[in-house]
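For reference, the structure discussed in these notes is given below.
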Amino acid sequence: MYKYEFDSDTGGILLTNSDEKMPKEPRPVFAEEMNILGFNRRWHYDNQNDIPYLWAVAGNYFYRAKLIAVVKGGSLYEKPTLEFVEEDGLPEGETILPIDIAAMSKKNFELMENLRQATIKRIFNYWTRMKKRLDCFHVAFSGGKDSIVLLDLVKHALPKSAFIVVFGDTRMEFPDTYKIVDLVEKQCKDEGIEFYRAASHLLPEDSWKIFGPPSTVLRWCCSVHKAAPQTLKIREILGKTDYVGVDFVGVRAAESVKRADYEVENVGMKQRGQHSQNTILEWGSAEIWQYIFMYGLPINETYKKGNSRAGCLLCPMSSGRANFFRRNAYPDEVDKFADLIKENITDEDIISYIDNGGWNNRKNGRDLKNPLTNYSEEISNDYLYITVTNPKTNWLEWFKTAIGFPFPYAVEESIESGNKTVTAKVKTVYDKTPAMRIFKSVFHKAAACVGCGVCESNCRQGAISFKDGFHIDKKKCIHCLQCHEIDRGCLLYHAIVLPLEGEMSLKQNLNTFAGHAPKPEWFREFFYNTETFMQKNTLGSKQFDFFKRFLYDAEFVDKKTKIPTEFTALIKKIGWESPTAWGLIYINLVYNNPQIRWYVDNLPLNRSIDRAVIEEKLKMEEVKGQGLTTIPGAYKRLCETPLGTSLHFGTTTSDGKNLATLTRTKARVDDGRVILYALYKLAEAADWYQFNLTRMMNNEASAGVSPTKIFGIDKEEMEQWLNGLSTKYPQFINASFTHDLEKISLFSDKTSQDVLKLFDS
Ligand code: SF4
Ligand code: SF4
């Protein structure tokens with residue numbers, strides 16, 4: 001809401017009524033965090049944890065408006081390093097004084113009071129307007145700082161009997177969070193406010209084994225352990241499955257670019273058919289902390305231990321540094337979940353897999369010790385056969401959810417040696433029809449379902465029950481198909497299924513240009529005579545054969561029609577020799593040409609590789625004979641085209657005629673739309689519409705390739721690109737780097753082709 005600045009007088013923050021852009025969110029720093037990082041090596045301060053001493057903004061630590069230290073790096077097992085600011089910082093040996101909370105509160109009182117009154121009024125007015133229309137007003141309490149403030153405001157706005165408080169207990173919360181929840185629960189009960197806890201019937205120890213560890217795209221944990229239990233709990237409290245309620249939520253716009261677009265009131269954003277009020281949407285963390293200090297609200301002790309969020313013990317969305325502070329504060333509890341990763345993942349270097357974020361990247365059952373093996377799809381003689389062995393739930397029950405299917409099908413059941421097999425047979429021509437998604441969803445559910453509660457919570461008719469065995473009540477079911485509006489119909493299936501066929505196979509066809517890799521003059525001829533080039537050119541027949549391959553893979557020419565594409569027109573418009581044009585071309589090649597993909601996947605950045613080493617690497621890919629000569633030769637030739645001379649995709653040295661060394665270099669990117677195009681290509685190839693930067697930097701086992709890897713961009717530079725793109729193209733991307741949460745969201749209604757249209761404007 002307000003801008004803040006650091007106040008050298010009080011050591012606190014000073015809110016100002018200014019229209020300037022909000023700076024990054026500050027958080028108070030207590031002695032405990034300072035001791036962990038080593039501030040006591042340089043300065044004196046009392047070892048008390050009631051009053052904070054400093055403010056941290058991202059990795060920067062401020063004392064009385066002065067930047068005195070910066071923290072860098074850090075991972076689950078590695079402490080971040082603290083660097084003291086030498087020039088203009090705080091001289092060594094000084095005593096650090098605590099923030100003068102009373103003076104800070106006095107200075108901010110008027111602005112805070114205005115904000116407080118306005119927010120209380122907003123809650124009250126909403127309740128007055130909606131109380132006859134809604135079954136329930138509910139505060140979603142998490143034990144974090146925002147929900148502490150939110151609850152206090154709602155308490156001041158509404159009669160005690162007008163709302164309930166529900167703590168969504170993932171059973172993975174920090175021990176300090178449970179302490180504050182106990183305290184707040186007692187306070188509520190003493191004040192006559194109903195307080196409930198909602199938890200899944202599955203323990204995380206079990207769910208992590210069943211679903212495999214969560215990851216940035218497999219966030220089954222949020223549905224299974226948070227959203228579904230809360231919905232089911234409210235239904236139980238109200239005795240009504242189709243209740244309509246409002247959730248007072250502590251979402252704040254300053255937390256991310258995406259949230260900045262949220263409305264205060266909305267319907268269906270959080271959950272279909274349910275209302276939510278983002279009560280403190282405009283509040284910044286400066287105001288949240290000021291409010292907590294001003295009104296003496298309880299502070300979750302986790303914030304004093306360096307944790308900027310009160311979340312789950314081990315979360316795939318967290319940054320490395322955040323993981324360090326979590327494990328430092330709760331080693332046994334965090335290790336319990338790290339052990340669950342170790343127990344369920346096959347990776348040989350499991351410590352590195354955990355510490356470097358490999359687990360964050362998991363997108364199916366491939367890395368799991370126990371992936372889903374009882375479901376298969378096979379195509380034979382124009383028929384698709386879906387086979388489920390020993391189904392976990394009865395497919396006939398799930399079939400009740402659909403009124404029928406608009407195509408002929410047959411389902412057979414058989415039992416052999418005690419194993420039950422269900423086989424569904426459908427003509428392949430129906431495979432891409434919308435109804436097929438539901439048809440397959442039925443068998444995904446049949447293969448995997450353990451009754452995690454998510455389908456039950458999606459069904460507002462109360463038609464799905466797992467009590468006394470799985471059953472769907474035909475009389476209640478209205479065929480709304482909401483129980484199928486889940487990733488691939490079943491969160492569990494989605495999290496543990498092995499990747500289906502179709503991923504690019506690289507081994508057979510690395511030698512895509514043989515001895516005829518493109519020459520710069522061929523491109524010149526193609527771009528000057530684009531319309532006639534495919535019919536008439538000066539290339540020899542072998543040269544043309546292999547250049548055609550390049551033209552198809554670069555998406556310059558349509559393989560079927562042999563006609564130059566709109567992409568070629570765009571490249572000519574941008575300037576076919578420009579780095580921007582070759583950035584886009586390079587991306588297409590990475591996705592379409594195995595030789596270029598191998599280059600990006602296998603050659604380290606900025607390291608000169610001897611030809612002999614390249615040959616060894618190629619042998620490991622089963623390349624033999626001529627290929628061992630022509631493939632390195634092709635890289636040499638490609639470096640002489642604008643791929644090398646304009647984009648700087650690599651450099652070579654030669655021993656006279658042949659390649660001696662090859663170095664993959666950081667490519668030149670001058671235009672963010674090139675990055676955005678690469679991001680959408682990645683999303684389309686690997687279904688990466690939501691991920692974090694750490695995951696992107698560790699993009700190894702993905703079906704796509706991240707722009708960081710393609711262009712050799714480091715994390716810091718990528719963060720800058722992402723921030724810039726979010727601001728310039730909010731309709732395409734939202735990226736937020738707030739505290740320890742780094743989240744990148746693309747929009748599934750946009751495509752890489754839409755990104756190319758941005759060059760037309
Ligand atoms: S969610 Fe809809 S389709 Fe599924 S069981 Fe309930 S009423 Fe039927
Ligand atoms: S079918 Fe639904 S209830 Fe069953 S495991 Fe999958 S998501 Fe959970």
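Rule-based calculations on the coordinates, nothing more; no lab input. Please read these numbers as outputs of a predicted model, since none were measured by experiment. Here the Cβ positions follow ideal geometry from the backbone for every residue, glycine too, while neighbour counts run over all protein chains shown.
Structure values in brief
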| read-out | value |
| --- | --- |
| The chain: relative contact order in percent, alpha carbon pairs under 8 Å with at least 6 residues between | 11 |
| Two-site FRET efficiency, ASN606 against ASN723, from Cβ-Cβ distance with R₀ of 22 Å, rounded to 0.05 | 0.30 |
| Virtual spin-label span in nm between GLU577 and LYS3, 7 Å along Cα→Cβ | 4.6 |
| Lys/Arg +1, Asp/Glu -1 at C-beta; the stretch 520-664 dipole; positive extreme among PHE550, SER608, THR653 | PHE550 |
| Size of electric dipole in the chain: Cβ of Lys, Arg +1 and of Asp, Glu -1, about Cα centre, debye, nearest 20 | 1980 |
| Nearest-20 debye value, the stretch 29-180 charge dipole, Cβ charges on Lys, Arg, Asp, Glu | 1240 |
| Point-charge dipole on Cβ atoms (K/R +1, D/E -1) for the stretch 520-664, about Cα centre, debye to 20 | 160 |
| Gain in span if fully extended, TYR178 to THR653, counting 0.36 nm per residue against the direct Cα distance | 164.8 nm |
| The stretch 718-733 - phi-based ³J(HN,Hα) in whole Hz, Karplus 6.51/-1.76/1.60, Gly and Pro as x | 5, 4, 5, 4, 5, 4, x, 5, 4, 6, 7, 10, x, 6, 10, 8 |
| Amide H contacts under 5 Å for GLY650, placed H, 5+ residues apart | THR665 |
| Of ALA569, THR170, TRP721, farthest towards positive along the dipole that unit charges on Lys, Arg, Asp, Glu beta carbons give the chain | ALA569 |
| Theoretical FRET efficiency, 1/(1+(r/R0)^6), r = Cβ-Cβ of LYS132 and THR433, R0 51 Å, to 0.05 | 0.70 |
| GluC sites (Glu not before Pro) restricted to DSSP loop in the stretch 328-368 with at most 11 other C-beta within 10 Å | GLU348 |
| Residue order, fewest to most beta carbons within 10 Å, for THR421, THR216, THR81, THR279 | THR81, THR421, THR216, THR279 |
| From phi via Karplus (6.51, -1.76, 1.60), per-residue ³J(HN,Hα) for the stretch 568-580 in Hz, x at Gly/Pro | 4, 4, 5, 4, 5, 5, 5, x, 5, 9, 7, x, 5 |
| Distance between modelled label sites at HIS479 and HIS156, nm, 7 Å Cα→Cβ extension | 5.3 |
| Positive-end extreme of charge dipole, the chain - chosen from VAL71, PRO52, PRO594 (charges on Cβ) | PRO594 |
| In the stretch 585-628, trypsin sites (Lys or Arg not before Pro) in a DSSP loop with at most 12 other beta-carbon atoms within 10 Å | ARG607, LYS624 |
| Residue order, fewest to most beta carbons within 10 Å, for VAL165, VAL674 | VAL165, VAL674 |
| Cα gyration tensor shape of the chain, rounded if a/c is under 1.5, else prolate or oblate by comparing a/b with b/c | oblate |
| FRET efficiency, VAL57 to LYS79 (Cβ-Cβ, R0 30 Å, nearest 0.05) | 0.90 |
| Long-range amide H partners of VAL251 with built H, under 5 Å | THR279, ILE280 |
| Beta bridges by DSSP in the chain, antiparallel share as percent, to the nearest 5 | 75 |
| Normalised contact order of the stretch 375-496, rounded percent, pairs of Cα under 8 Å and 6 or more residues apart | 28 |
| Under 13 Å from the Cα of LYS363 - aspartates and glutamates, other chains or at least 8 residues apart | ASP487, ASP687, GLU700 |
| Residues of the stretch 297-321 with amide N under 17 Å of the 7 Å Cα→Cβ point at ASN49 | 298-311 |
| Residue-wise HN-Hα coupling along the stretch 430-442, computed from phi with Karplus coefficients 6.51, -1.76, 1.60 (Hz; x: Gly, Pro) | 8, 4, 9, 6, x, 5, 5, 4, 6, 4, 5, 4, 4 |
| Formal net charge of residues neighbouring ASP7 (Cβ-Cβ distance under 10 Å; K, R +1; D, E -1) | -1 |
| Sequence of HIS275, HIS201 once ranked by neighbouring C-beta atoms within 10 Å, starting from the fewest | HIS201, HIS275 |
| GluC sites (Glu not before Pro) within the stretch 426-516, DSSP loop, no more than 13 other Cβ atoms inside 10 Å | GLU485, GLU501, GLU503 |
| Pairwise label distance in nanometres, LYS619 with ALA103, each label 7 Å out on the Cα-Cβ vector | 7.4 |
| Relative contact order, percent, the stretch 3-101 [alpha-carbon distance under 8 Å, six or more residues apart] | 29 |
